[in-house]
Amino acid sequence: MTTAPATYWERLWHDGRRYRKVTGAETTLLARHLGPGRGRPALDIGSGDGALARHLHHQLGYRTTGVDCAPTAVALAAAEDVEDVEDESGPAWRLMDFTSDDLGKLPEPAYAAVTCRLVYRWVDDKPAFLDRVRHVLAPGGILWVVTELAERREDTDPLKKLGITAADVEFLTAGWSVVRTADLDLLRCYALRL
Ligand SMILES: C[S@@+](CC[C@H](N)C(=O)[O-])C[C@H]1O[C@@H](n2cnc3c(N)ncnc32)[C@H](O)[C@@H]1O
């Protein structure tokens, strides 16, 4: 990606582009790998319309923050939360480029769980991104990454570019104390414990 993430993604959200819905199979895996939040903080990076962050917050019991670099996505997430649950406070939303903004803008210094769904593929500098994730993870915390794998599509498939490469996988999964994976059709979920 040569354009700044905020410019690239804001145009897509503003033009009405929407992304693959979070399914029941995915939330079952999420619950199995992350466990109950019990009020601990969670951070969803690239939260989009906020569906995953709301699930972490309302169903799993994490005190959740969703960050996204696209103003339209953050506005959508905040608006849906108000409509859905009026008697309960929802996740905190922040307009933020996680790759470059001051991490001090986050409401919590450390998170028990960091999630990143359909975002990692689009991060240009993956080593720097993972350094920043490790910086905000609490000791023993978990990074949950959901991504397509390029190898699951034929070379001729124009959507192959939506997946991460074998080299990306190797880098993503290096240096964690525990690495677990779970598969969902074209998607793979990674639970990476610090
Ligand atoms: C393909 S969408 C996925 C949205 C959501 N996670 C979902 O699963 O529906 C990627 C999202 O990541 C956000 N994003 C990409 N790069 C980002 C960055 N550097 N900092 C914050 N958000 C980012 C985009 O604005 C977009 O909302």
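The values are calculated or read from the model by the stated rules, or taken from the named source; none is laboratory data. All of these numbers come straight from a predicted model, not from anything done at the bench. Virtual Cβ from ideal backbone geometry, glycine too; neighbours counted across all protein chains shown.
For segment 55-74, the set of residues classified as in a loop (DSSP other than H, G, I, E, B) and among the charged types (D, E, K, R) is empty. Is it the case that residue 71 is over 15 Å from residue 142 (Cβ atoms), surrounded by fewer than 19 Cβ atoms within 10 Å (Cβ to Cβ) and not β-branched (Val, Ile, Thr)? Considered against the rule, which asks whether it is over 15 Å from residue 142 (Cβ atoms), surrounded by fewer than 19 Cβ atoms within 10 Å (Cβ to Cβ) and not β-branched (Val, Ile, Thr), residue 71 comes out as yes.
The condition (being small (Gly, Ala, Ser) and within 19 Å of residue 190 (Cα to Cα)) is satisfied by just one residue among 39, 16, 90, 24: 24. Restricting attention to segment 7-26, the residues that are among the β-branched types (Val, Ile, Thr), farther than 16 Å from residue 76 by Cβ and either near the ligand (Cβ under 8 Å from one of its atoms) or assigned to a helix (DSSP H, G or I) (or both) total 1. Filtering segment 59-68 to residues that are more than 8 Å from the ligand (Cβ to nearest atom) and surrounded by 18 or more Cβ atoms within 10 Å (Cβ to Cβ) leaves 60, 62, 63, 64, 65, 66.
With respect to the conditions (1) modelled with pLDDT of 95 or more; (2) crowded, with 21+ Cβ neighbours inside 10 Å, residue 81 falls short on a single one, namely (1). Could you tell me whether residue 52 is modelled with pLDDT of 95 or more and either part of a strand (DSSP E or B) or near the ligand (Cβ under 9 Å from one of its atoms) (or both)? Answer is yes for this residue. Among the candidates 29, 43, the residue that is in a helix (DSSP H, G or I), within 24 Å of residue 192 (Cβ to Cβ) and within 15 Å of the ligand (Cβ to nearest atom) is uniquely 29. Is it fair to say residue 54 is under 16 Å from residue 116 (Cα atoms) and not small (Gly, Ala, Ser)? Spelling it out, residue 54 is indeed under 16 Å from residue 116 (Cα atoms) and not small (Gly, Ala, Ser). For residue 167, the criteria (1) over 20 Å from residue 52 (Cβ atoms); (2) surrounded by 19 or more Cβ atoms within 10 Å (Cβ to Cβ) hold in every case but one, which is (2).
Checking each residue in segment 103-153 for being modelled with pLDDT of 95 or more, surrounded by fewer than 18 Cβ atoms within 10 Å (Cβ to Cβ) and acidic (Asp, Glu) picks out 108, 124, 125, 131.
Considering 152, 117, the condition of being within 14 Å of the ligand (Cβ to nearest atom) and touching a Leu at 6+ places or on another chain (Cβ under 6 Å) is satisfied by 117 alone.
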